[in-house]
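S.K.: Take this structure, written in structure tokens, and hold onto it; I'll ask about it next.
The values are calculated or read from the model by the stated rules, or taken from the named source; none is laboratory data. Every value quoted in this text rests on a predicted model; they were computed, and no experiment measured them. Reconstructed Cβ throughout: ideal geometry from the backbone, glycine too, with neighbour counts over all protein chains shown.
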Amino acid sequence: MPPGIYCPMEFWSKGENQNIQVDFLLPTGIYLNLSVPCNASLGAIKQVVWKHAQYEPLYHMLSDPEAYVFTCINQTAEQQELEDEQRRLCDIQPFLPVLRLVAREGDRVKKLINSQISLLIGKGLHEFDSVQDPEVNDFRTKMCQFCEERAAKRQQLSWAAWMEYNFPLQLEPMAKGLGTGLSHTPVKNIFVNVKFQSGGTRGMKQERGILFSGVDSLLHSASCRVFADRSSPCGFMVFSYFFSPQLVVQAGLFHGNEMLCKTVSSSEVNVCSEPVWKQRLDFDINICDLPRMARLCFALYAVIEKAKKARSTKKKSKKAVGSVHYCTKETTDCPIAWVNVMLFDYKDQLKTGECCLHMWSSFPDEKGELLNPMGTVQCNPNTESAAALVICFPNAASHPVYYPSFEQVGNTDVFLRGFLLQLKEILERRSHTELYEHEKDLVWKMRYDIRDQYPQALAKLLTITKWNKHEDVAQMISLLQTWPELPVLNALELLDFSFPDRYVGSFAINSLKKLTDHELFQYLLQLVQVLKYESYLDCELTKFLLDRALSNRKIGHFLFWHLRSEMHVPAVALRFGLILEAYCRGSTHHMKVLMKQGEALSKMKALNEFVKLSSPKATKPQAKEMMHVCMKQETYLEALSHLQSPLNPSIILTEVCVDQCTFMDSKMKPLWIVFNNEETGGGGVGIIFKNGDDLRQDMLTLQMIQLMDVLWKQEGLDLRMTPYGCLSTGDKTGLIEVVMHSDTIANIQLNKSNMAATAAFNKDALLNWLKSKNPGDALEQAIEEFTLSCAGYCVATYVLGIGDRHSDNIMIRETGQLFHIDFGHFLGNFKTKFGINRERVPFILTYDFVHVIQQGKTNNSEKFERFRGYCEKAYMILRRHGPLFLHLFALMKAAGLPELSCSKDIQYLKDSLALGKTDEEALKHFRLKFNEALRESWKTKVNWLAHNVSKDNRQ
């Protein structure tokens with residue numbers, strides 16, 4: 001370890017007024033040790049250093065202070081140049097309290113911007129500079145130029161257009177009709193929201209020449225070297241009858257998730273530190289039949305032989321050698337690592353020559369397959385510990401081989417009009433069952449009829465296309481040029497990993513360009529995940545997202561945080577980091593806002609770590625007081641004031657209300673932080689900061705609930721949903737919006753009861769609480785709000801398979817709106833205890849809910865039947881939009897959520913929406929679930945009883 005005092009991150013979160021001894025290394029070779037405040041800025045520290053340096057030798061050799069810049073070793077053991085002298089020492093958090101002054105070189109403004117971008121995206125730009133990859137360099141140059149051009153155009157905008165960009169107006173979705181059952185009272189003021197829409201942009205067309213080769217083989221030879229970081233002596237004698245594990249490399253060619261030909265495997269070699277095969281692997285496919293997006297997938301695995309005694313029904317024959325018996329052998333494949341590589345580079349050239357592929361050690365859970373075609377084509381950046389596979393692509397010809405551009409192919413098919421009815425039946429099947437071979441042949445033969453009469457069935461046509469036949473590929477790409485523009489639903493489907501072809505992707509993006517900003521924001525979460533499927537850095541989706549982000553600051557804001565939150569993932573850090581760099585260069589004025597938010601999040605994380613350390617040693621009031629003392633420091637007050645809310649950038653958080661802040665009792669001690677709102681009469685804004693919990697599943701669930709709300713309102717049904725804000729900002733860190741003036745059902749029941757054991761069965765507690773919050777005529781409106789929202793969340797939680805429902809994650813607003821929180825389990829992944837399923841009802845509909853809906857009357861069946869009607873109507877609306885939910889969840893498989901990793905998880909949606917049934921059968925199915933939820937609600941009350949007794953945390 002290097003000499004000096006190691007300063008962990010916790011060291012810098014101590015009292016702001018403390019001083020620290022810092023070693024300063026001057027350019028003249030002079031060493032100074034000075035005591036400086038932790039919260040001092042670099043500019044102030046430099047003045048102190050110069051004041052003391054004038055009494056030291058060689059002072060006359062120093063230039064002006066502005067000619068020098070501080071450098072330090074940061075917490076990741078890298079040398080960092082500190083260009084921004086407004087930053088405080090406690091925010092920089094150097095690994096050692098040592099600062100070195102070096103002569104400033106180059107353009108200071110440019111270096112300052114680079115330094116700020118590095119800090120903002122969580123990755124030094126020098127790491128991109130050191131990557132010896134022409135694709136990275138070309139992409140950076142092209143995207144930076146693209147974004148800077150957009151920024152230059154933005155500078156020429158009129159005042160109104162500039163305001164539209166910075167503060168985009170939002171159109172709140174509203175029910176078309178007033179027939180939702182709500183009682184309406186005349187109001188004096190009418191608020192009108194106006195929304196601007198942005199137009200589309202044109203894509204770029206590139207043409208390439210083609211050179212064919214008749215060589216059948218693709219991969220010439222392969223060898224693998226697995227580098228071990230340590231060696232261990234063998235502690236026992238190895239005899240010949242011990243089984244020795246063998247290493248094997250398996251390889252396969254894929255186009256999306258379709259295997260182009262049979263996989264091939266190397267021979268077996270003994271396990272050693274540097275195994276070598278030097279073996280030729282041949283694939284049963286011609287080079288001319290390779291699709292443009294073909295990828296070569298490798299898996300390194302060990303063949304382990306298990307010893308098993310021989311079985312006999314008569315006699316056990318034992319042939320002993322010493323004390324050892326002969327045994328039968330069984331083998332199992334133990335996966336070690338995988339890696340993927342594209343066959344064509346980003347310039348469309350077939351790869352040749354030797355390349356070293358650093359492999360990934362994590363494997364997908366689904367099916368336990370060795371090859372991982374859905375995985376990234378980026379190599380593992382952790383080259384020191386990763387296994388390295390060295391392969392060599394042969395020279396297929398004496399000249400470079402390029403993939404061709406599309407060529408128009410004449411229509412030589414006969415219109416089979418007699419099969420149109422059969423074709424219609426095949427294309428309109430709602431189930432996603434595999435087509436028979438004769439059906440595939442019919443679909444392919446009638447592809448022109450599909451284009452003209454059923455253009456929305458493009459995905460099915462692409463699915464049956466033979467991507468390992470270049471003639472079919474050429475005809476499909478040619479046909480795509482004349483295909484009509486698709487609706488958004490069908491365009492989103494084409495972004496799935498199953499359709500990797502670049503022309504298909506470009507066609508899908510062109511169809512998405514008609515999306516309004518509000519609609520694009522609705523699907524932004526999925527579009528960011530789709531970036532992980534892209535094989536090359538420069539793609540249409542990246543340019544589309546950057547273009548729209550630079551045209552609307554709200555989209556830019558959330559695009560930034562969706563990308564920034566996954567910068568800790570090695571497989572996407574390079575791609576996401578380059579996109580973030582491009583966005584920052586195209587929106588330098590937005591960088592200041594984002595840096596302020598990043599500083600606030602950094603302080604929240606430090607505060608949370610402080611609370612975690614102090615809470616076990618003190619009572620909650622004492623820990624809360626220590627938290628307040630920490631927050632009242634100048635550095636915290638400055639960081640947590642005058643910033644745009646990351647959850648909603650249209651809200652300005654003026655100052656933090658320290659006395660109203662606290663922390664929650666759960667394991668990770670989430671912070672409950674309250675801010676003043678700049679808007680007049682806006683009231684307080686509450687934010688929960690979580691550190692240690694993955695919020696991505698909550699984000700997805702809330703996005704789906706918000707989408708359901710939009711779909712219902714489009715059909716004239718306003719169910720008073722509360723899709724509160726939630727944003728993942730980093731590795732298991734994020735923010736959740738606090739719904740003010742609300743309480744949990746557990747707190748309401750416990751506060752209205754004398755004992756926790758009886759609270760769950762107090763059916764009057766909810767109604768009495770609503771009466772206390774809504775006196776007089778307001779009670780009827782509150783009950784109506786409760787009825788509508790209860791119907792919405794009953795349907796939403798059933799369709800999405802939300803689990804772990806108890807009285808502490810169901811809340812009610814004082815206005816009567818019911819809503820659910822904490823979506824840690826969904827898609828039917830319910831919790832079990834001792835092998836017993838804790839979720840015993842399709843959704844939560846207890847008798848105390850019914851008691852409120854019926855206004856406290858036992859015979860008010862009219863109100864309850866109206867509630868049932870809301871549920872049935874809401875369910876049937878979602879069912880009509882079932883494919884949209886399937887596509888959105890399928891696109892999220894790239895996120896790596898534990899409960900959304902395979903097709904079985906999405907199957908739950910198909911079952912809950914009864915997509916394989918008729919409307920009449922589906923409605924009957926839902927009515928059975930509704931009656932079951934009501935009939936078995938006593939089981940829910942028993943669960944709530946156990947929860948209330950074990951976690952009596954009434955407030």
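S.K.: Any residue in region 785-794 that is part of a loop (DSSP other than H, G, I, E, B), in contact with a Ser or Thr (Cβ under 9 Å, 6 or more places away or on another chain) and charged (D, E, K, R)?
M.R.: no
S.K.: Among the residues of region 90-121, how many are surrounded by fewer than 16 Cβ atoms within 10 Å (Cβ to Cβ) and of a type in the set (Val, Ile, Thr)?
M.R.: Residues meeting the conditions: 2.
S.K.: Further question on the same structure: Could you list, in sequence order, all residues of region 265-305 that are assigned to a strand (DSSP E or B) and without any contact (Cβ under 8 Å) to a residue 24 or more places away in the chain?
M.R.: Within region 265-305, SER265, VAL269 meet the criteria.
S.K.: Is it the case that region 224-235 has a residue that's over 30 Å from the mean Cα position of the chain (by Cα), surrounded by 20 or more Cβ atoms within 10 Å (Cβ to Cβ), under 16 Å from TRP338 (Cβ atoms) and at pLDDT below 90?
M.R.: yes
S.K.: Still on this structure, I have one more. Quick one: count up the residues across region 54-68 that are in a helix (DSSP H, G or I) and under 17 Å from VAL109 (Cβ atoms).
M.R.: 2
S.K.: Yes or no: ILE812 touching a residue at least 24 places away in the same chain (Cβ under 8 Å) and under 26 Å from the mean Cα position of the chain (by Cα)?
M.R.: Against the criterion (touching a residue at least 24 places away in the same chain (Cβ under 8 Å) and under 26 Å from the mean Cα position of the chain (by Cα)), ILE812 does not qualify.
S.K.: Of all residues being surrounded by 13 or more Cβ atoms within 10 Å (Cβ to Cβ) and within 22 Å of CYS790 (Cβ to Cβ) in region 151-185, which is modelled with the highest pLDDT? Just the residue, please.
M.R.: Of everything passing the filter in region 151-185, PRO173 is modelled with the highest pLDDT.
S.K.: Picking from ARG100, ARG108, which residue would you name as being farther than 19 Å from GLY556 by Cβ and either of a type in the set (Ser, Thr, Tyr) or out of contact with any Leu (no Cβ under 9 Å at 6 or more places or on another chain) (or both)?
M.R.: ARG108
S.K.: For region 924-938, give me the residue count where each residue is out of contact with any helix residue (DSSP H, G or I) (no Cβ under 7 Å at 6 or more places or on another chain) and surrounded by 15 or more Cβ atoms within 10 Å (Cβ to Cβ).
M.R.: 4
S.K.: What are the residue pairs meeting all of these: first residue in region 54-71, first residue in the same structural domain as ALA44 (by TED's automatic domain parsing) and surrounded by 10 or more Cβ atoms within 10 Å (Cβ to Cβ), second residue among the basic types (Lys, Arg) and modelled with pLDDT of 90 or more, Cβ atoms under 6 Å, and 6 or more apart or on different chains?
M.R.: That search, which allows pairs on different chains as well, returns PRO65/LYS46; THR71/ARG100.
S.K.: Then there's this: I'm trying to understand the selection: among the residues of region 736-792, which are modelled with pLDDT under 95, over 16 Å from GLN817 (Cα atoms) and in contact with a Leu (Cβ under 9 Å, 6 or more places away or on another chain)?
M.R.: Within region 736-792, GLN749, LYS752, ALA756, ALA757, THR758, ALA759, ALA760, PHE761 qualify.
S.K.: Going by the structure shown, is GLY803 within 24 Å of LEU707 (Cβ to Cβ), surrounded by fewer than 21 Cβ atoms within 10 Å (Cβ to Cβ) and at pLDDT below 90?
M.R.: So GLY803 passes the test.
S.K.: In region 907-923, what residues are crowded, with 21+ Cβ neighbours inside 10 Å and either in a helix (DSSP H, G or I) or in contact with an Asp or Glu (Cβ under 8 Å, 6 or more places away or on another chain) (or both)?
M.R.: Matches in region 907-923: LEU909, SER912.
S.K.: Select from region 262-285 the residues that are touching a Gly at 6+ places or on another chain (Cβ under 9 Å) and surrounded by 14 or more Cβ atoms within 10 Å (Cβ to Cβ) and list them in ascending order.
M.R.: Matches in region 262-285: THR263, VAL264, PHE283.
S.K.: From the set of residues in region 336-394 that are over 19 Å from ALA573 (Cβ atoms) and in contact with a His (Cβ under 6 Å, 6 or more places away or on another chain), which is modelled with the lowest pLDDT?
M.R.: Restricting to residues being over 19 Å from ALA573 (Cβ atoms) and in contact with a His (Cβ under 6 Å, 6 or more places away or on another chain), the top hit is PRO394.
S.K.: With region 444-561 as the region, which helices (runs of 4 or more DSSP H) entirely inside it contain at least 3 residues that are of a type in the set (D, E, K, R) and in contact with a Leu (Cβ under 8 Å, 6 or more places away or on another chain)?
M.R.: In region 444-561, 447-453 are the helices (runs of 4 or more DSSP H) which contain 3 or more residues that are of a type in the set (D, E, K, R) and in contact with a Leu (Cβ under 8 Å, 6 or more places away or on another chain).
S.K.: State whether one or more residues within region 357-367 are crowded, with 18+ Cβ neighbours inside 10 Å, touching a strand residue (DSSP E or B) at 6+ places or on another chain (Cβ under 6 Å) and under 20 Å from PHE499 (Cα atoms). Write out each step before concluding.
M.R.: Restricting attention to region 357-367, the residues satisfying the condition of being crowded, with 18+ Cβ neighbours inside 10 Å are 357-360, 363.
Adding the requirement that they be touching a strand residue (DSSP E or B) at 6+ places or on another chain (Cβ under 6 Å) leaves 357-360, 363.
The next check asks that each one be under 20 Å from PHE499 (Cα atoms); those that pass are none.
No, every residue in region 357-367 fails to be crowded, with 18+ Cβ neighbours inside 10 Å, touching a strand residue (DSSP E or B) at 6+ places or on another chain (Cβ under 6 Å) and under 20 Å from PHE499 (Cα atoms).
S.K.: For LEU897, state whether it is part of a loop (DSSP other than H, G, I, E, B) and in contact (Cβ under 8 Å) with a residue 60 or more places away in the chain.
M.R.: yes
S.K.: Looking at (1) without any contact (Cβ under 8 Å) to a residue 24 or more places away in the chain; (2) closer than 24 Å to GLY124 by Cβ, which is the one condition that is false for ARG564?
M.R.: Condition (1) is where ARG564 drops out.
S.K.: LYS51 passes all but one of (1) surrounded by fewer than 18 Cβ atoms within 10 Å (Cβ to Cβ); (2) part of a helix (DSSP H, G or I); (3) in contact (Cβ under 8 Å) with a residue 12 or more places away in the chain; which number fails?
M.R.: So LYS51 meets the others, but not (3).
S.K.: In this structure, does THR28 turn out to be outside the structural domain of THR383 (by TED's automatic domain parsing) and closer than 28 Å to ALA573 by Cβ? Reasoning before the result, please.
M.R.: Details: outside the structural domain of THR383 (by TED's automatic domain parsing): yes; closer than 28 Å to ALA573 by Cβ: no.
So THR28 fails the test.
Listed here are the residues, each with its yes/no results for (1) at pLDDT 85 or above; (2) part of a loop (DSSP other than H, G, I, E, B).
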residue	(1), (2)
PHE70	yes, no
GLN75	no, yes
LEU96	yes, yes
ARG100	yes, no
GLY106	no, yes
VAL109	no, no
ILE113	yes, no
ILE117	yes, no
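S.K.: Which one of PHE843, PHE830 is outside the structural domain of GLY256 (by TED's automatic domain parsing), of a type in the set (A, V, I, L, M, F, W, C), in contact with a strand residue (DSSP E or B) (Cβ under 6 Å, 6 or more places away or on another chain) and modelled with pLDDT under 90?
M.R.: Working: PHE843 fails: in contact with a strand residue (DSSP E or B) (Cβ under 6 Å, 6 or more places away or on another chain).
The match here is PHE830.
S.K.: Within region 593-649, work out how many residues are buried (at least 18 other Cβ atoms within 10 Å of the Cβ), in a helix (DSSP H, G or I), within 30 Å of the chain's Cα centre (by Cα) and among the polar types (S, T, N, Q).
M.R.: The qualifying residues number 2.
S.K.: Further, regarding this structure: Do we have LEU637 as under 23 Å from MET699 (Cβ atoms) and modelled with pLDDT of 90 or more here?
M.R.: Here the answer is no, as LEU637 does not meet what is asked.
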